[in-house]
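**Student:** Below is a structure I'd like to ask you about.
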Amino acid sequence: MQEQRGQWSSNVGFILAATGSAIGLGNLWKFPFITWNNNGGAFVLVYLVCIAGVGLPIMMAELLIGRKTQRSVVGALKAALGPAWGIVGGWGVLCGFILLSYYTVIAGWSLFYFTRTAGWTMSGFPAGLQTGDLFAEQAGNGALQLGLSLLFSLATISIVYFGVQKGIERIARLFLPILFGILILLLISALRMEGSGEALAFIFRPSFGELEPRSVLEALGHAFFTLSLGMGAMITYGSYIDRSQSIVKASAVIVLLDTLIALVATIIMFSVIFSVEGMPEQVSGTGTVGMLFISLPELFYSEVPFGSLLGPLFYVLVALAALTSTISLLEVVVSYLIDEHGVGRRAATLMCGGAVFLFTILAALSFGAVSGLSNMEVGGYLGQKLFGGKVGWFSLADHFVSNWMLPTGGFAITMAAGWFMTREATRGELADGTEPGWFRYGAWRFFIRFVAPAAVGAIIIAVFLGEDFS
Ligand code: PHE
């Protein structure tokens with residue numbers, strides 16, 4: 001029996017689900033870190049330009065391809081552009097598969113830190129505990145890592161299992177307001193700290209002298225990741241929109257909310273860091289994981305006003321943000337099986353969720369638990385080009401996805417919407433009587449034909465020449 005294809009129950013439901021996909025570890029984990037590394041100010045400004053000039057047009061392109069064809073990524077590209085484009089769709093499905101497999105591991109850490117901080121709230125922060133050691137211990141504990149990522153995978157699977165309206169949309173409606181609420185509480189508390197002025201200046205006062213050319217490309221690469229572009233998540237979510245909803249308005253809201261949340265998260269974290277002497281130096285030394293999982297846990301108990309309540313809430317926030325992203329990743333893979341191979345949703349969810357988890361196991365054990373996975377390298381010319389000489393399963397996968405898969409997928413999508421689809425075909429979706437007054441179809445077309453491909457092309461060339469954006 002053919003099941004009916006899913007559809008969002010309302011515009012708000014769709015916007016919340018898509019915003020949930022966009023807001024994730026990219027906003028809370030990656031963005032603050034790269035803003036720190038690139039000296040804030042000018043980098044943030046460049047990032048905003050990339051989001052508006054490249055991210056927004058591609059967001060519209062993905063949603064329009066989805067809504068027009070009412071199919072998931074492989075079928076959508078085939079239907080809109082011809083059978084050969086199925087390959088680009090397949091690339092997207094593969095990308096969703098790999099990204100989900102390792103994203104789940106970091107998401108699992110939020111569960112660990114939630115239970116730890118909740119414990120400290122009850123019985124006090126243990127004297128003499130080194131949070132750097134705690135991090136290494138948990139990351140290197142194979143059984144713990146497997147358990148955490150299994151829990152997170154099960155949560156993801158059990159939502160997608162119930163479908164578009166009863167699963168994904170319902171969870172987004174419930175969790176996003178909670179997520180916004182927690183962020184506001186954290187923001188209020190952070191702004192009362194003495195470092196908040198310095199933090200705001202760091203983030204918003206541009207000094208272009210410190211901006212390196214590679215920062216521009218890094219900002220651009222991150223725009224893809226944070227908006228869930230380049231691999232068909234937005235094509236898939238777009239395929240459940242009905243014709244009465246405005247793609248232009250929805251895209252603008254999603255992009256704005258994602259950007260706002262990234263900035264608020266950064267203000268919160270930097271306010272804390274700048275309030276503590278010696279902390280800026282420590283953060284610079286601990287890499288990507290440092291801020292979220294090494295510096296912050298302790299500071300909640302020593303520095304942040306109401307920190308013993310906000311600490312556990314902060315990790316709830318990370319978990320919810322990650323979960324609304326992992327469900328969109330799994331949905332890309334699941335909807336492909338449903339649409340292209342006629343598998344029922346429930347069977348498809350269990351099959352895909354299970355298959356992805358097999359690879360999650362490899363990522364989960366690559367933080368010290370299994371040395372073969374943790375020290376894995378791909379040698380030679382190709383290894384260097386494709387994996388940037390990274391070490392460990394997790395880093396290899398992340399490098400390949402962030403540097404190669406998302407930009408090449410995004411490039412193909414800009415080409416598809418800008419050059420291969422006819423003007424009438426895209427116009428019919430964007431300028432359809434639902435578009436807001438500020439929208440000019442001609443402007444979108446210019447950005448998607450020229451600006452976006454040039455920008456994304458530059459990332460791909462830079463990566464080829466050895467730049468690393470993961
Ligand atoms: N946008 C998500 C984040 O910022 C990651 C993601 C990428 C989710 C691609 C879905 C698809 O964390």
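A short reminder: the numbers here are calculations on the coordinates, not readings from a lab. Predicted model, so just to flag it, every value in this text is computed and none were measured. Cβ placement follows ideal geometry from the backbone for every residue including glycine, while neighbour counts extend to all protein chains displayed.
**Student:** If every alpha-carbon in the stretch 160-283 counts as one equal scatterer, what log10 I(q)/I(0) does Debye give at q = 0.10 1/Å?
**Tutor:** Taking Cα atoms of the stretch 160-283 as identical point scatterers yields -0.47.
**Student:** Calculate, axis by axis, the spread of Cα positions in the stretch 226-360 along the three principal axes, and write the results as whole Å, longest axis first.
**Tutor:** The Cα atoms of the stretch 226-360 stretch 59, 39, 27 Å along their principal axes.
**Student:** For Cα pairs less than 8 Å apart in space and 6+ apart in sequence, what is the mean separation divided by the residue count of the chain, i.e. the relative contact order in percent?
**Tutor:** Relative CO of the chain lands at 32 percent.
**Student:** Let me ask something else. Test of understanding: extend the Cα→C-beta vector of residue 10 to 7 Å, then name every residue of the stretch 156-187 with backbone N under 17 Å from that spot.
**Tutor:** Label zone hits: 165-178.
**Student:** Principal axes first, then extents: for the Cα atoms of the stretch 14-170, list largest minus smallest coordinate on each axis, whole Å, largest first.
**Tutor:** 63, 43, 27
**Student:** Add +1 for every Lys or Arg and -1 for every Asp or Glu among the other residues with Cβ under 15 Å from the Cβ of residue 212, and state the total.
**Tutor:** Net local charge, residue 212 excluded: -3.
**Student:** Using a Debye calculation, one point per C-alpha and no hydration shell, please list log10 I(q)/I(0) for the stretch 194-262 at q = 0.16 Å⁻¹ in order.
**Tutor:** -0.78
**Student:** I've got another one for you. In degrees from 0 to 90, rounded to the nearest 10, what is the angle of the helix 131-140 Cα long axis to the longest principal axis of the chain?
**Tutor:** Taking Cα atoms only, the helix is inclined about 50 degrees.
**Student:** In addition: At 0.36 nm per residue, and after removing the present C-alpha to C-alpha distance, how many nm does the segment from residue 425 to residue 49 gain when stretched out fully? Numbers along the way, then the final one.
**Tutor:** Numbers: separation 376, 0.36 × 376 = 135.36 nm, distance 2.74 nm.
Length gained between residue 425 and residue 49: 132.6 nm.
**Student:** Limiting things to C-alpha atoms, what are the Rg and the maximum Cα-Cα separation (Dmax) for the chain, in angstroms?
**Tutor:** When restricted to the Cα atoms of the chain, Rg and Dmax are 21.3, 67 Å.
**Student:** While we're looking at this one, here's another question. Rg to Rh ratio, the stretch 92-147, alpha-carbon atoms and Kirkwood radius?
**Tutor:** Rg divided by Rh gives 1.12.
**Student:** Could I ask something else about it? Principal axis lengths of the stretch 280-429 from Cα atoms, whole Å, largest first?
**Tutor:** That gives 59, 45, 36 Å along the principal axes, largest extent first.
**Student:** Using alpha carbons only, how many angstrom separate the centre of the stretch 172-213 from the centre of the stretch 10-65?
**Tutor:** About 15 Å separates the Cα centre of the stretch 172-213 from the one of the stretch 10-65.
**Student:** Estimate the FRET efficiency between residue 242 and residue 118 by the formula 1/(1 + (r/R0)^6), using the beta-carbon distance for r and 45 Å for R0, to the nearest 0.05.
**Tutor:** Rounded to the nearest 0.05, the efficiency is 0.60.
**Student:** Further, regarding this structure: Distance between the C-alpha centers of the stretch 219-234 and the stretch 322-357? Whole Å please.
**Tutor:** The stretch 219-234 and the stretch 322-357 have Cα centres separated by 20 Å.
**Student:** Here's a follow-up. Looking at the chain, how many pairs of lysines come closer than 25 Å at the Cα, when each pair is eight or more places apart or spans two chains?
**Tutor:** Lysine pairs satisfying the spacing and distance rule in the chain number 6.
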